[in-house]
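To keep things clear, I will list the structure first and then write my remarks on it.
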Amino acid sequence: MACSATPLPLPALHASHGGCWLRHADGETRAIGKGEAIVAAADTPLLLLNAPLIATRLGYPDLSGLDLLELFAFVHPARFCVPTPKGLAFALGLQPPASDDAVPALLQSAAAELLAHCEDSAWPEREGAWSVLQSLGRLRWPWAPVIAPHIAQPDRAERWLFSRLPEWDEAPERPQPAQVTLSAEDIDAQLAALTGRDAEVRPGQQDYARQAAHAFAPRQRPGAPHLLLAQAGTGTGKTLGYLAPASLWAERSGGTIWVSTYTKNLQRQLRQESRRVWQDGAPDAAPQANQRVVVRKGRENYLCLLNLEDALQGGFGGRAAIMAQLVARWAAYTQDGDMIGGDLPGWLGTLFRQRGIKALTDQRGECVYAGCPHYRKCFIERSARASAQADLVIANHALVMVNAARGRDHAQRPTRIIFDEGHHVFEAADSTFAAALTGAEAIELRRWVIGPERGSKGRRRGLAARLADVSSYDEQGARAIVAAREAAEALPADGWLQRLHDNAPSGPLESLLGAVRSVTYARDESGGQEAGYGLETEAAQLDGNFVELAGQAQAALADLRHPLMKLTGRLEALLEEPPDWLDGQGRARIEGARHSLGWRIDLIAAWEALLNRLGGPADPDFVDWLAVDRSEAREFDMGIHRRWLDPMKPFARVVLEPAHGVMLTSATLTDRSGHDEDDWQNAVARSGAPHIEASPRLCAAESPFDYAAQAEVLIVTDIKKGDIPALAGAYARLIEAAQGGVLGLFTAIRRLRAVHGRIADRLARAGLPLYAQHVDPIDTGTLVDIFRDDPHASLLGTDALRDGVDVPGHSLRCVVMEQVPWPKPSILHRARRAVNGGSSHDDRIIRARLAQGFGRLIRTKDDHGHFVVLSAAFPSRLLSAFPKGTPVIRLTLDEALQRIAAGVCSSDDLRTATAQKATGVQAARDEG
């Protein structure tokens with residue numbers, strides 16, 4: 001693994017928590033201070049890797065230079081690379097640096113290697129590079145003059161991106177699935193084929209696969225789907241366990257299976273596992289109508305081609321314009337246009353401080369559907385149409401629920417569903433079926449109806465602009481649009497937050513939001529102790545003035561809903577009996593507008609229902625509260641919120657009743673209270689089963705792992721709660737004892753930041769890099785990639801890491817929780833606690849969080865490690881959260897350090913694990 005090109009003779013800089021190193025063009029490398037590093041970066045462009053991260057290390061936010069990640073994104077768009085020196089080295093086939101002081105030399109070699117690729121006649125991403133480079137040169141991209149000599153102008157003009165993208169094809173709707181029954185013998189044979197003929201037969205996996213077939217049996221009564229709750233311990237092989245009967249059913253019935261996940265990591269895993277079944281459905285190219293496996297996500301995850309075109313034609317300026325050009329390079333080579341968790345490097349947005357990635361996705365209210373000039377090439381529409389013809393659709397819980405709720409398109413309504421990570425279905429339903437009348441939501445609606453405020457930028461247009469032909473030729477439609485626009489003036493406008501601070505609201509909705517703010521602060525009992533966090537109060541015992549303001553807001557919303565309904569009716573009439581002036585483009589715009597109108601009318605109706613309850617008797621099905629949302633003492637939103645007390649009630653009606661078969665599966669589906677009957681009772685309640693006429697089938701497959709030999713739970717008893725210096729010291733010593741490989745889980749961002757700030761430099765000097773959510777300018781997925789790639793690295797995070805991380809092997813050998821993960825005492829939690837057993841409800845939540853956290857530790861039969869809780873007051877009743885047989889030891893920090901250090905492998909093992917893990921990560925990413 002040696003560099004085949006002469007290192008680029010440009011100075012290079014590297015900075016970590018352990019220090020700074022500068023390598024000059026002549027090849028001399030020396031350690032320097034932060035001040036000198038800042039001066040050097042200001043004087044001349046330096047080679048850097050991940051400029052925002054280096055800027056954070058130096059405390060110099062304006063740092064800029066020749067970022068190797070930007071060059072990598074240009075040369076190899078849509079290719080994976082861990083954004084660290086080691087990750088870059090492996091991606092380019094170079095020798096990884098042995099220490100921090102060797103990184104600058106690597107940067108010079110990596111730059112030369114990337115430029116050499118540009119001269120290679122076999123460079124697979126050559127097409128379009130020269131044209132994009134010309135645009136980047138005009139934008140003064142620092143790399144442009146460096147790259148220019150290495151990319152020759154093509155003999156023929158390169159095609160514009162939007163002419164290169166393929167169009168999707170229309171396909172007929174699939175017929176109704178055939179009714180089939182799967183035999184145990186056929187399921188066993190299919191499972192054996194998927195796992196490999198020579199693989200060891202696992203009775204637990206085999207029985208699990210047979211049970212999963214229950215979800216695909218013919219339904220006998222309307223509204224009574226086959227419902228299966230299946231707990232599968234870690235290591236059971238549940239993915240292939242349910243794919244075996246699912247693939248058989250899809251093949252024989254001609255129907256579509258939806259597998260729903262909660263995390264993007266599991267979606268990626270399913271994508272890879274599905275290749276064992278559907279070889280021709282492997283997603284190795286842009287989805288086509290005949291693709292058998294399709295990944296579906298919400299619209300906000302995908303690149304909007306119209307937004308990209310606007311950005312490329314001057315809609316973006318400065319650094320954001322450079323990012324748009326790099327995204328255009330990616331768009332020509334992407335697998336499916338997924339910008340959030342797909343093959344767009346997660347670090348690309350953070351290189352540009354994340355401004356603009358969101359603006360390039362499909363924003364609410366912008367899509368004109370068939371009226372878009374890029375409609376036939378739209379990534380979102382391509383994915384939707386491919387899923388209607390697919391055997392397997394991999395989606396997320398929220399999308400499955402939304403598709404089931406709308407039910408307008410029969411081809412997109414899931415009827416055979418496997419909810420993997422089924423313990424999150426309750427949480428997903430809670431968000432999906434919620435209502436929130438907030439300033440941010442209301443101003444979005446205003447902009448959709450009226451258009452952008454005067455002086456604001458962007459291509460977003462109001463109803464009148466999107467339906468200009470209707471306004472011109474149809475009198476009834478024109479009147480409805482004018483009435484809707486006038487009514488929307490009552491909604492909050494730009495500057496609404498400042499007006500509320502100045503006690504000068506404009507209109508009925510802003511007046512109501514001002515009252516929400518006033519009442520919430522008046523009822524605050526924190527005494528200013530929670531200055532940086534949001535506040536809330538129950539929507540009860542409200543005075544007459546508040547109720548009157550709510551009534552005025554409700555009337556204003558009704559005034560808007562009525563013309564929107566009239567407009568919808570008029571659009572439907574025009575489509576049924578099209579007049580002479582309605583051409584194809586006009587019809588397409590009308591269809592898109594009708595689709596958007598439908599869900600906005602539903603939204604307004606939900607807000608009206610919410611306001612109608614204020615001042616009246618409480619509805620036992622709902623929990624309502626007022627809230628002011630803040631971040632570090634800055635208010636950013638406020639409003640009235642409504643949640644179902646039991647969100648599985650609408651889930652059962654919307655998702656379960658229309659379905660034919662539903663399976664909920666997880667390693668932590670049941671409660672683990674120690675009483676099997678009670679454990680399943682809670683799982684059944686959280687599945688929605690009590691709200692339909694169907695009794696679920698229950699099954700459980702135990703984990704094959706030997707937890708008694710592979711793991712220990714250590715409860716440290718001598719760290720005082722609230723003592724930040726002691727907490728930070730404990731984390732540092734635990735990471736040192738484990739020699740890295742520690743996943744630290746926090747229940748509060750403030751404590752996470754405090755601990756990281758105290759120990760990161762100390763650990764870096766010992767060669768133990770520490771990364772953290774909410775501190776490092778890196779997205780969560782990339783942080784996990786970095787952690788997985790380096791067995792000496794450690795990672796601190798919050799809830800997103802407790803249940804969304806899959807790091808098998810030596811890279812994760814110790815999980816540390818800073819305290820017992822008590823539930824936040826919110827108004828919603830208090831209401832659910834009251835009807836679900838009080839303290840026993842809290843215990844169920846805590847046991848689930850402990851089980852999920854512990855589940856990060858042992859992922860394969862070869863994994864070993866420790867699960868540490870820094871809590872002297874850890875209740876014994878919570879110990880059943882851990883797998884049976886797992887040793888649980890209460891001890892001091894010093895004793896815990898001894899046990900952890902004794903389990904650390906030798907330096908030789910670490911080096912071997914490092915190489916194996918890096919190779920495995922790259923291979924997996926290349927496949928995925």
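Read the figures in this text as sums done on the coordinates, not as results from a lab. Predicted model only: the values in this text are computed from it and were never measured. In this analysis, Cβ positions are derived from the backbone assuming ideal geometry, glycine residues included, and neighbour counts consider all displayed protein chains.
Figures for the structure shown
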{"read-out": "Residue-by-residue Karplus 3J(HN,Hα) for the range 368-378, coefficients 6.51, -1.76, 1.60, Hz, glycine and proline x", "value": "10, 6, 5, x, 7, x, 9, 3, 6, 10, 4"}
{"read-out": "Nearby lysines by direct alpha-carbon distance to residue 884 (threshold 26 angstrom, same-chain neighbours under 8 apart not counted)", "value": "238, 861"}
{"read-out": "Whole-Å distance, taken between Cα centres, linking the range 214-282 and the range 1-54", "value": "50 Å"}
{"read-out": "Net dipole in debye of the range 707-927 [+1 Lys, Arg Cβ; -1 Asp, Glu Cβ; about Cα centre; nearest 20]", "value": "960 debye"}
{"read-out": "Rounded, prolate or oblate (a/c below 1.5 giving rounded, otherwise prolate when a/b exceeds b/c) for the range 12-158 by Cα gyration tensor", "value": "prolate"}
{"read-out": "Footprinting exposure proxy for 86, 861 (fewest neighbouring C-beta atoms within 10 Å first)", "value": "861, 86"}
{"read-out": "Over the chain: helical MRE at 222 nm, DSSP H runs n ≥ 4 each giving -39500 (n - 2.57), nearest 500", "value": "-13500 deg cm²/dmol"}
{"read-out": "The range 707-927: projected area of the alpha-carbon convex hull, averaged over directions, in nm²", "value": "12.7 nm²"}
{"read-out": "Gain upon complete extension [residue 120, residue 440; 0.36 nm per residue less C-alpha separation]", "value": "110.2 nm"}
{"read-out": "The range 620-647 residues near the modelled residue 540 label - backbone nitrogen below 13 Å, point 7 Å along Cα→Cβ", "value": "620-626"}
{"read-out": "Label-reachable residues, the range 226-245, where backbone N falls under 19 Å from a point 7 Å from residue 695's Cα toward its Cβ", "value": "226-231"}
{"read-out": "Neighbour-count ranking [beta-carbon atoms within 10 angstrom, fewest first] of 830, 594", "value": "830, 594"}
{"read-out": "Selected from 123, 902, 7, residue furthest toward positive end of dipole (the chain; charges at beta carbon)", "value": "902"}
{"read-out": "DSSP H segments from the chain that extend 27 Å or more along their own axis, Cα-based, with Kyte-Doolittle mean of 0.0 or above", "value": "544-576"}
{"read-out": "Positive-end residue of 836, 515, 347, charge dipole of the chain with Cβ unit charges", "value": "515"}
{"read-out": "Residue order, fewest to most beta carbons within 10 Å, for 180, 201, 868", "value": "201, 180, 868"}
{"read-out": "Given charges at Cβ of Lys, Arg, Asp, Glu: the range 733-889 dipole, positive-most of 775, 752, 879", "value": "879"}
{"read-out": "The range 622-656-the range 718-771 distance, computed between alpha-carbon centres (Å)", "value": "34 Å"}
{"read-out": "Cα-projected label distance for residue 39 with residue 518, points at 7 Å along beta-carbon direction, nm", "value": "5.8 nm"}
